[in-house]
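The values are calculated or read from the model by the stated rules, or taken from the named source; none is laboratory data. All values reported here derive from a predicted model rather than from experimental measurement. Here the Cβ positions follow ideal geometry from the backbone for every residue, glycine too, while neighbour counts run over all protein chains shown. For the accessible areas, the whole protein counts, side chains as well, though only heavy atoms, and no ligand, DNA or RNA atoms are used. Shrake-Rupley method; radii C 1.70, N 1.55, O 1.52, S 1.80 Å.
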Amino acid sequence: MDRNRGILIAGNWKMNHGARATSDFAAAAKSGWGSLSDRARKALAVTAGPGKLDALVFPPFLSLETARREFTGIPVAVGAQNVHFEEKGAFTGEISGAMLKEIGVGTTLVGHSERRQYFGETDASAKKRAESHLNQGFTVVLCYGETRAEREASRTEAVLERQLRDGLPAEWNERLVLAYEPVWAIGTGLTATPEQAEDAHAFSRAFLVKKYGADNAAKTKILYGGSVTPENVRGLLAKPNVDGGLVGGASLKAESFLALVEGAGSFL
Ligand code: PGA
């Protein structure tokens, strides 16, 4: 199995965990860290290239500084769930990349289906954000995926094709990460089967080959998201085009997050 891309386990906390709960999570993660296998810890210690395991969480804005401060000593990076594409200015209620960099946040989440569904995000705005954030030096996790109605109408590939065509940045970047998240699987307990995930990921990778060339496509991580749990993570990661998970509910408890990291570590 080609594990040259490494694996990323990313927790999307959504609108959960204020500063106090974030502190509690960090304390529990620190005390549980020692129980990770040598194999997982070794993979987490790899700094670049093949065999590398990354752990990351996306807390709400108000918990970012707490997370940055309290994850010292354990290799859990911190990302932001929503970042504007402009670098500053009159955008009431928005947060800029520069503000996040100042507190050591290195990753942004773009195009999540909840942002699309409730806050008017589109493929075009996801692309604008992704390009701006990549230019500013962030790692960008770009989400896409079909709804249940689209899957039932056998439109999955057509939808993915449109989202990738209109949402991907014009230029490839080594800090670009994709997250295939079928909307019907998010928060529903209905995980895509490993085969369904692999089909969508292989389709997406073929699109990346056409857009960015084979070498760049081979280097791009494609995460799966949608009801990932410690129980199903290994089955998903066993597929050759699944390079990690974007995990909501099962990332909220440190024990469960560590179990996801442990599951990923067993492949490296
Ligand atoms: P879930 O959320 O794991 O709770 O389904 C995934 C996501 O929305 O990123």
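In plain terms, the C-alpha convex hull of the stretch 144-235 casts an average shadow of 6.0 nm² when viewed from every direction.
Cα centroid distance between the stretch 157-193 and the stretch 200-268, in Å? Measuring centre to centre over Cα atoms gives 12 Å. Annotation for Ser23 and Arg175: the two label points, set 7 Å from Cα along the Cα-Cβ direction, are 3.1 nm apart. With the simple model of a label 7 Å out from the Cα in the direction of the Cβ, Glu161 to Glu102 spans 4.6 nm. In this simple spin-label approximation, Arg3 and Lys253 carry label points 7 Å from Cα along the Cα→Cβ vector, and these lie 2.7 nm apart.
Extension gain, Thr188 to Lys210: 0.36 nm times the residue separation minus the Cα-Cα distance gives 4.6 nm. Computing the accessible area with a 1.4 Å probe over protein heavy atoms, can you report the carbon and sulfur percentage for the chain? About 53 percent, which is the carbon plus sulfur part of the accessible surface. A simple count of charges around Ala192, restricted to other residues whose Cβ falls under 10 Å of its Cβ and scoring Lys, Arg +1 and Asp, Glu -1, yields -3. Applying 1/(1 + (r/R0)^6) with R0 = 41 Å to the Cβ-Cβ distance of Glu195 and Ala90 gives a FRET efficiency near 0.25. Over the stretch 7-265, the pair-distance histogram of Cα-Cα distances with 5 Å bins from zero comes to 1, 6, 14, 19, 20, 18, 13, 7, 2, 0 percent, rounded to whole numbers. Heavy-atom accessible surface of the chain, averaged per residue, reaches 44 Å², computed with a 1.4 Å probe.
For the stretch 69-172, chymotrypsin sites (Phe, Trp or Tyr not before Pro) are listed when DSSP marks them as loop and at most 14 other Cβ atoms sit within 10 Å of their Cβ; the list is Phe91.
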